[in-house]
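Written below as structure tokens is the structure these notes are about.
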Amino acid sequence: MELRALDARQGRFTPCEAVFEEKHVTVGWTDNPLVQEALDPQAFVDAGHIGVNVARKYTFADDWFSRHGIERRIELRAPSFIQAPFLLPGTVRLCIMHQRLARYMAERLPLRIVETPFPPPDTRDDAIPHDPRGRPRAAQL
């Protein structure tokens, strides 16, 4: 299946290529009782969470939870996804993050990864081919 992105200058779609898709997972400290087994939806909602603000904006997952009426109790906000895992050890808080980063950090910190009971859709990063004439071909929306 060919993917396409909107060319902002010409108002038409141009080919693009999916680089990767990323799943969201829930991460907690290895001794957090909430992440010892499958995470119960009510426990997920009741738990304290570490949120992430990138460039002072909420993340895709935050927006998705909000649009679907899933209220999380954000107790702390980290300025980046790379900093959030360092705030989990020794707490019973949870954090929603991308699976690849969660796996990487779980090899370095005492963290456990569990499935998110209300999983947001996967995010996808696309690459748009470069125009050899140096003109911008598309804008990501």
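Quick notes
- Computed magnitude of the charge dipole of the stretch 22-123 (debye, nearest 20; Cβ of K, R +1, Cβ of D, E -1): 380 debye
- Counting neighbouring Cβ atoms within 10 Å and putting the fewest first, the residues 23, 57 line up as 57, 23.
- Sorted ascending by nearby beta carbons within 10 Å, beginning with the fewest, 44, 20 become 20, 44.
- Placing unit charges on each Cβ (+1 for Lys and Arg, -1 for Asp and Glu) gives the stretch 22-123 a dipole about its Cα centre, and among 119, 79, 34 the Cα reaching farthest toward its positive end belongs to 79.
- Rounded to 5, the percent of DSSP beta bridges in the stretch 22-123 classed as antiparallel: 65 percent
- Sorted by Cβ neighbour density within 10 Å, fewest at the top, the residues 54, 27, 45: 54, 45, 27
- Pairwise Cα inverse-distance average, inverted: Kirkwood Rh of the stretch 22-123 (Å): 13.3 Å
- Take every Cα pair under 8 Å whose residues are at least 6 apart in sequence, average their separation, divide by the length of the stretch 14-114, and the relative contact order is 44 percent.
Rule-based calculations on the coordinates, nothing more; no lab input. Source: prediction; values computed, not measured. Glycine also receives a Cβ, built like all others from the backbone with ideal geometry; neighbour counts cover every protein chain displayed.
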